[in-house]
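In what follows, a structure is listed as structure tokens, so that the remarks can point back to it.
Rule-based calculations on the coordinates, nothing more; no lab input. Remember, predicted model here, so these are calculated numbers, not experimental data. Note that each Cβ is placed from the backbone with ideal geometry, even for glycine, and that neighbours are counted across all protein chains shown.
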Amino acid sequence: MPKPSLKALYKKRWQIEVDFRHLKTTLGMDTLSCKTPEMI
């Protein structure tokens with residue numbers, strides 16, 4: 001894969017991760033914990 005294409009993909013992936021973090025924080029879901037496998 002050419003370097004510019006790989007760089008563009010990495011940048012898109014990074015932005016998706018940042019967006020997910022922002023959504024989780026905004027929704028109060030940044031720290032989730034479960035006590036049983038069923039709750040997961």
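Here are a few candidate values for Cα extents along the principal axes in Å: [x] 27, 21, 15; [y] 34, 17, 12; [z] 45, 23, 9. Which one was actually calculated from the structure I just gave you?
Looking at Cα extents along the principal axes in Å for this model, the match is [z].
Work out the charge dipole of the chain with +1 on the Cβ of Lys and Arg and -1 on the Cβ of Asp and Glu about the Cα centre, then indicate which of 36, 2, 16 is farthest towards its positive end.
Result: 2.
For n ≥ 4 DSSP H runs only, could you compute -39500 (n - 2.57) per run for the chain, divide by its residues and tell me the 222 nm figure to the nearest 500? Could you put the intermediate results ahead of the total?
Details: 1 runs with 24 residues, N = 40.
Estimated from H runs of four or more residues: -21000 deg cm²/dmol.
Report the local net charge at residue 4: Lys and Arg +1, Asp and Glu -1, summed over other residues whose C-beta lies under 14 Å from its C-beta. Before the final figure, lay out the partial values.
Working: positive: 3, 7, 11, 12; negative: none.
It works out to a net charge of +4.
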